[in-house]
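Trainee: So that we are looking at the same thing, I have put the structure below in structure tokens.
The values are calculated or read from the model by the stated rules, or taken from the named source; none is laboratory data. Keep in mind that this is a model prediction, so the values were computed, not measured. Cβ placement follows ideal geometry from the backbone for every residue including glycine, while neighbour counts extend to all protein chains displayed.
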Amino acid sequence: MAATDQDVRPVTIPDAPLTRPQLPSWAPVLVAVVALAVAALPVVLLGWSLVAMVVLTVVIFVVALPVWSSSVEGPRKAKDRLASALVWSAFGLAMIPLVTLMWQVISNGVPVLSAEFFTYSMRNIVGEGGGIYHAIIGTVIVTAWAAIISVPIGVMAGVYLIEYGAGSRIARVVTFLVDVMTGIPSIVAGLFAYALFVLFFGPGVRMGIGGAVALSVLMIPIVVRSTEEMLKLVPDELREASYALGVPKWRTITKVVLPTAMAGIVTGVTLAVARVAGETAPLLIIAGDTDSVNFNAFAERMATLPVFIYYSYMQPGIPPEFGQERAWGAALVLIAIVMALNILARFISRRFTPKTGR
Amino acid sequence: MAKSIDVSDLDIYYGDFKAVEGVNMTIRAKSVTAFIGPSGCGKSTFLRSLNRMHEVIPGARVEGKVVVEGQDLYADHVDPVEVRRQIGMVFQRPNPFPTMSIYENVLAGNRLNARKMKKSEADDIVERSLKGANLWTEVKDRLGRPGMGLSGGQQQRLCIARAIAVQPQVLLMDEPCSALDPISTSAIEDLIHELKSEYTIVIVTHNMQQAARVSDETGFFNLKAAGQPGHLVEFNSTQKMFANPDNDSTEAYISGRFG
């Protein structure tokens, strides 16, 4: 018996060692330095540009490290090194636009920021001085009205689609139309709002609420989609638990389903606000531009940050550098507002998420 | 306050599919009635039809009568919401409301129905319900903590407390122990024994020892064949069911010879 047992077993188990030769931990750094040195040669000798040097460095690194690795560590490690190098390069490539954009805006915008810049409008200002107070007020008022219009509509539409219409033909049609609406170009939304207001107020109408209507056309589909997704995540068991207690459907939705999904819905709304706060085209058409502060969304033109940036840069006045400076400053403020809204969304989602207490 | 239930010629459909066929039985008040049977034989569907919970699924409908103390649940003008207020339900998986504390979970049935009550009255309901569900001593010092923070067995007892807080006449339980460990299961079985003195309890279980331990009467559901509707094979006192059943297939199922 013992003899046959041994016959059946494969006799040629390769003597696989658990240790393998490995490149030292500083190998990637060494290869990077060498690649940089090699890439610097054509810059010095042939006068290539710095961009070409960086590209050449990356190419040499991506080729050289895996080749070295495969000769020492074997093919599996070499593939791992190649994949890591490619992933890191892709990451670096993706960071370039973000970092340069931030650098450009911050370096151009920070010198402009001052107390005057935040507290003065552009009324009676020619050349130096003035500020974006009127544009900040306008952006806040227009986006606030856009949120007031689109949040109830969007959340209720989402509730209908998930809680009432689920699976019905009309719900499928509405979902499809919402998807189509997500892709509406913002200029079309602006023209729609303009056409709508011309019906009531005649041609040439300009008012802040019109901008809010245009923005809510862009915002509603985002709110509907995020509400839908969040309501889908609420387990049916909770609805059943509520029904089994004799709670009517509408109370189940308002007291159980919506509170459970609240974190996600509020986050979605905040991100939608951040998304439309930077819209330019529709506001250019219907809200217009002005140099004065206007607190009334229902009368007269209203300046907003994106439109202010556009006009300050395109028609900076004479001499042009003051207008362009203000455009950079306003751009920085707009980015800061959008970023603040994003941070707020994260904070809200953490605050509202149901706690497990564990 | 416990009530009996008379079911006659009940057929249950999901759309065109007939899920359960021709059920006749009388569920006695202040007793525990257990339903056993293989998966997919319609016992949970039947249980849910007793408080019209199956209507939550679109296309579900019922033919026949379910009479609770002279009132047919499926007569015209019967509001399913009112039915569910009187016939409570506990589900297979514990499902406390994640946004609410232990205290609020127990009061959910009252609060969600917008019943106004004084703080002292609310405290009384919470204490009585949690004591009724054998959970009071474990959670009395942390009523403000989230209900989701309890263990699985405690969550299930919290759900039972929530169900009895609205003082239903009947308590339906759909495999209440199948997600729990043996110790939590035994805690809930003890609880069922205690609740029997006040409530009519109907329980679906896959565990035949559990049916034998807790119930007074047992119904055995089975399928004639795959794709056929489920039906009630035998309904008898639990003692007779497990000692000397009338039907051969019941005996085969209970003794483990089921094919």
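Trainee: Cβ contacts < 6 Å: first residue farther than 19 Å from B:Thr26 by Cβ and within 14 Å of another protein chain (Cβ to nearest Cβ), restricted to segment B:65-83; second residue part of a loop (DSSP other than H, G, I, E, B) and of a type in the set (Gly, Ala, Ser), any location; separation 6+ or different chain. Result?
Mentor: Within 6 Å, the pairs are B:Val81/A:Gly246.
Trainee: Looking at B:Leu143 and the list (1) part of a helix (DSSP H, G or I); (2) touching a residue at least 24 places away in the same chain (Cβ under 8 Å), which single condition is not satisfied?
Mentor: (1)
Trainee: If you don't mind, another one. For segment B:190-207, give me each residue that is surrounded by fewer than 19 Cβ atoms within 10 Å (Cβ to Cβ) and over 23 Å from B:Arg52 (Cα atoms). Give the derivation first.
Mentor: Applying the first criterion (surrounded by fewer than 19 Cβ atoms within 10 Å (Cβ to Cβ)) to segment B:190-207 yields B:190, B:193-194, B:196-198, B:206-207.
Those that are surrounded by fewer than 19 Cβ atoms within 10 Å (Cβ to Cβ) and over 23 Å from B:Arg52 (Cα atoms): B:Asp190, B:His193, B:Glu194, B:Ser197, B:Asn207.
Trainee: Please tell me if B:Gly22 is touching a Lys or Arg at 6+ places or on another chain (Cβ under 6 Å) and either over 30 Å from A:Ile162 (Cα atoms) or among the aromatic types (Phe, Trp, Tyr) (or both). Before the answer, list the steps.
Mentor: Numbers: touching a Lys or Arg at 6+ places or on another chain (Cβ under 6 Å): no; either over 30 Å from A:Ile162 (Cα atoms) or among the aromatic types (Phe, Trp, Tyr) (or both): yes.
Here the answer is no, as B:Gly22 does not meet what is asked.
Trainee: For the list (1) farther than 20 Å from A:Leu245 by Cα; (2) touching a residue at least 40 places away in the same chain (Cβ under 8 Å); (3) in contact with a strand residue (DSSP E or B) (Cβ under 7 Å, 6 or more places away or on another chain); (4) more than 13 Å from every other protein chain (Cβ to nearest Cβ), I need the number of the one condition that B:Thr26 fails.
Mentor: Every condition holds for B:Thr26 apart from (2).
Trainee: Can you run down the residue pairs with Cβ atoms below 8 Å, 6 or more apart or on separate chains, where the first is in segment A:55-83 and within 25 Å of A:Thr19 (Cα to Cα) and modelled with pLDDT of 90 or more and the partner is of a type in the set (A, V, I, L, M, F, W, C) and surrounded by fewer than 16 Cβ atoms within 10 Å (Cβ to Cβ)?
Mentor: Close Cβ pairs (under 8 Å, with a partner that is of a type in the set (A, V, I, L, M, F, W, C) and surrounded by fewer than 16 Cβ atoms within 10 Å (Cβ to Cβ)) amount to A:Ala64/A:Val34; A:Ala78/A:Val67.
Trainee: Moving on to the next point. Identify, please: which residue in segment B:105-126 is touching a residue at least 24 places away in the same chain (Cβ under 8 Å) and closer than 27 Å to B:Glu194 by Cα and is, among those, nearest to the other protein chains (Cβ to nearest Cβ)? If you could, list the steps in order and put the result at the bottom.
Mentor: Keep residues of segment B:105-126 that are touching a residue at least 24 places away in the same chain (Cβ under 8 Å), which gives B:105-110, B:113, B:125-126.
After this cut, where a residue has to be closer than 27 Å to B:Glu194 by Cα as well, the list is B:105-110, B:125-126.
Working: B:Asn105: 10, B:Val106: 11, B:Leu107: 10, B:Ala108: 6, B:Gly109: 4, B:Asn110: 9, B:Ile125: 13, B:Val126: 15 Å.
That would be B:Gly109.
Trainee: Another one. Based on what the data block shows, is A:Ala345 of a type in the set (Gly, Ala, Ser), assigned by TED's automatic domain parsing to the domain that holds A:Gly127 and touching a Pro at 6+ places or on another chain (Cβ under 9 Å)?
Mentor: Numbers: of a type in the set (Gly, Ala, Ser): yes; assigned by TED's automatic domain parsing to the domain that holds A:Gly127: yes; touching a Pro at 6+ places or on another chain (Cβ under 9 Å): no.
When the stated conditions are applied, A:Ala345 does not pass them.
Trainee: Hey, among the residues in segment B:242-259 that are modelled with pLDDT of 85 or more and assigned to a loop (DSSP other than H, G, I, E, B), which one's surrounded by the most Cβ atoms within 10 Å (Cβ to Cβ)?
Mentor: Checked segment B:242-259; the qualifying residue surrounded by the most Cβ atoms within 10 Å (Cβ to Cβ) is B:Pro245.
Trainee: Moving on. Within segment B:127-138, does at least one residue satisfy the condition of being touching a residue at least 40 places away in the same chain (Cβ under 8 Å) and within 14 Å of chain A (Cβ to nearest Cβ)? Even if it seems obvious, please write down each step before you answer.
Mentor: Looking only at segment B:127-138, we keep the residues that are touching a residue at least 40 places away in the same chain (Cβ under 8 Å), and these are B:132-134.
With the extra rule that they be within 14 Å of chain A (Cβ to nearest Cβ), the set shrinks to none.
No, every residue in segment B:127-138 fails to be touching a residue at least 40 places away in the same chain (Cβ under 8 Å) and within 14 Å of chain A (Cβ to nearest Cβ).
Trainee: In this structure, does B:Asp72 turn out to be touching a Lys or Arg at 6+ places or on another chain (Cβ under 9 Å) and not small (Gly, Ala, Ser)?
Mentor: Numbers: touching a Lys or Arg at 6+ places or on another chain (Cβ under 9 Å): yes; not small (Gly, Ala, Ser): yes.
Against the criterion (touching a Lys or Arg at 6+ places or on another chain (Cβ under 9 Å) and not small (Gly, Ala, Ser)), B:Asp72 qualifies.
Trainee: On to the next question. Would a scan of segment B:78-96 turn up a residue that is of a type in the set (S, T, N, Q) and farther than 27 Å from B:Val204 by Cα? Steps first, answer last, please.
Mentor: Just the residues of segment B:78-96 that are of a type in the set (S, T, N, Q), to begin with: B:86, B:92, B:95.
Checking the rest, the ones that are also farther than 27 Å from B:Val204 by Cα come to none.
No - not one qualifying residue is present in segment B:78-96.
Trainee: If you don't mind, there's one more thing I want to ask. Under 7 Å between Cβ atoms, at least 6 apart or on separate chains: pull out the pairs that start in segment A:121-134 with a residue that is among the polar types (S, T, N, Q) and end on any residue that is at pLDDT 80 or above.
Mentor: A:Ser121/A:Gly131; A:Ser121/A:Tyr133; A:Ser121/A:His134; A:Ser121/A:Asp291; A:Ser121/A:Ser292; A:Ser121/A:Val293
Trainee: Let me confirm something: among B:Arg48, B:Arg93, B:Arg145, which residue is within 14 Å of another protein chain (Cβ to nearest Cβ), modelled with pLDDT of 85 or more, buried (at least 18 other Cβ atoms within 10 Å of the Cβ) and closer than 21 Å to B:Leu180 by Cβ? Explain how you work it out, then say what you get.
Mentor: Numbers: B:Arg93 fails: buried (at least 18 other Cβ atoms within 10 Å of the Cβ); B:Arg145 fails: buried (at least 18 other Cβ atoms within 10 Å of the Cβ).
So the residue among B:Arg48, B:Arg93, B:Arg145 that is within 14 Å of another protein chain (Cβ to nearest Cβ), modelled with pLDDT of 85 or more, buried (at least 18 other Cβ atoms within 10 Å of the Cβ) and closer than 21 Å to B:Leu180 by Cβ is B:Arg48.
Trainee: While we're looking at this one, here's another question. Could you check, for segment A:271-278, whether at least one of its residues is basic (Lys, Arg) and either in contact with a helix residue (DSSP H, G or I) (Cβ under 6 Å, 6 or more places away or on another chain) or closer than 30 Å to B:His54 by Cα (or both)?
Mentor: Narrowing segment A:271-278 to residues basic (Lys, Arg): A:275.
Still in the list and also either in contact with a helix residue (DSSP H, G or I) (Cβ under 6 Å, 6 or more places away or on another chain) or closer than 30 Å to B:His54 by Cα (or both): none.
Checked segment A:271-278: no residue is basic (Lys, Arg) and either in contact with a helix residue (DSSP H, G or I) (Cβ under 6 Å, 6 or more places away or on another chain) or closer than 30 Å to B:His54 by Cα (or both).
Trainee: For segment A:153-187, how many residues meet the condition of being among the small types (Gly, Ala, Ser) and touching a residue at least 60 places away in the same chain (Cβ under 8 Å)? It would help to see each step written out before you state the result.
Mentor: Taking segment A:153-187 first, the residues among the small types (Gly, Ala, Ser) are A:154, A:157-158, A:165-168, A:171, A:183, A:186.
This time we only want the ones that are touching a residue at least 60 places away in the same chain (Cβ under 8 Å), so: A:154, A:157-158, A:186.
Of the residues in that region, 4 qualify.
Trainee: Could you check segment B:5-62 for strands (runs of 3 or more DSSP E) lying wholly inside it with 3 or more residues that are charged (D, E, K, R)? Steps first, please.
Mentor: Details: elements: B:5-14, B:17-27, B:32-36.
Counting at least 3 such residues, we get B:5-14.
Trainee: Further question on the same structure: Tell me, yes or no, whether segment B:169-192 has at least one residue that is farther than 30 Å from B:Glu251 by Cα and within 14 Å of chain A (Cβ to nearest Cβ). Even if it seems obvious, please write down each step before you answer.
Mentor: Start the filter on segment B:169-192 by keeping residues that are farther than 30 Å from B:Glu251 by Cα, which leaves B:169.
Going one step further and asking which of them are within 14 Å of chain A (Cβ to nearest Cβ), we end up with B:169.
Looking through segment B:169-192, at least one residue is farther than 30 Å from B:Glu251 by Cα and within 14 Å of chain A (Cβ to nearest Cβ).
Trainee: Then there's this: Would you pick out the residues in segment B:148-163 that are out of contact with any Ser or Thr (no Cβ under 6 Å at 6 or more places or on another chain), within 14 Å of chain A (Cβ to nearest Cβ) and outside any loop (DSSP other than H, G, I, E, B)? Steps first, please.
Mentor: Step one: filter segment B:148-163 for residues out of contact with any Ser or Thr (no Cβ under 6 Å at 6 or more places or on another chain), giving B:150-152, B:154-160, B:162-163.
If we keep only those that are within 14 Å of chain A (Cβ to nearest Cβ) too, we end up with B:150-152, B:154-156, B:158-160, B:162-163.
Listed by number, the residues that qualify are B:Gly152, B:Gln154, B:Gln155, B:Gln156, B:Leu158, B:Cys159, B:Ile160, B:Arg162, B:Ala163.
Trainee: Just for segment A:220-272: of the residues that are of a type in the set (Ser, Thr, Tyr) and closer than 15 Å to B:Phe97 by Cα, which one is farthest from the other protein chains (Cβ to nearest Cβ)?
Mentor: Here is the first cut: in segment A:220-272, the residues of a type in the set (Ser, Thr, Tyr) are A:226-227, A:242-243, A:252, A:254, A:260, A:267, A:270.
Filter again for closer than 15 Å to B:Phe97 by Cα, leaving A:242-243, A:252, A:254, A:260.
Working: A:Ser242: 6, A:Tyr243: 6, A:Thr252: 7, A:Thr254: 9, A:Thr260: 6 Å.
Selected residue: A:Thr254.
Results for (1) part of a helix (DSSP H, G or I); (2) among the hydroxyl-bearing types (Ser, Thr, Tyr), shown as yes or no for each residue.
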position	(1), (2)
A:Leu199	yes, no
A:Arg206	no, no
A:Gly211	yes, no
A:Ala214	yes, no
A:Ile220	yes, no
A:Val223	yes, no
A:Glu240	yes, no
A:Gly246	no, no
A:Thr252	yes, yes
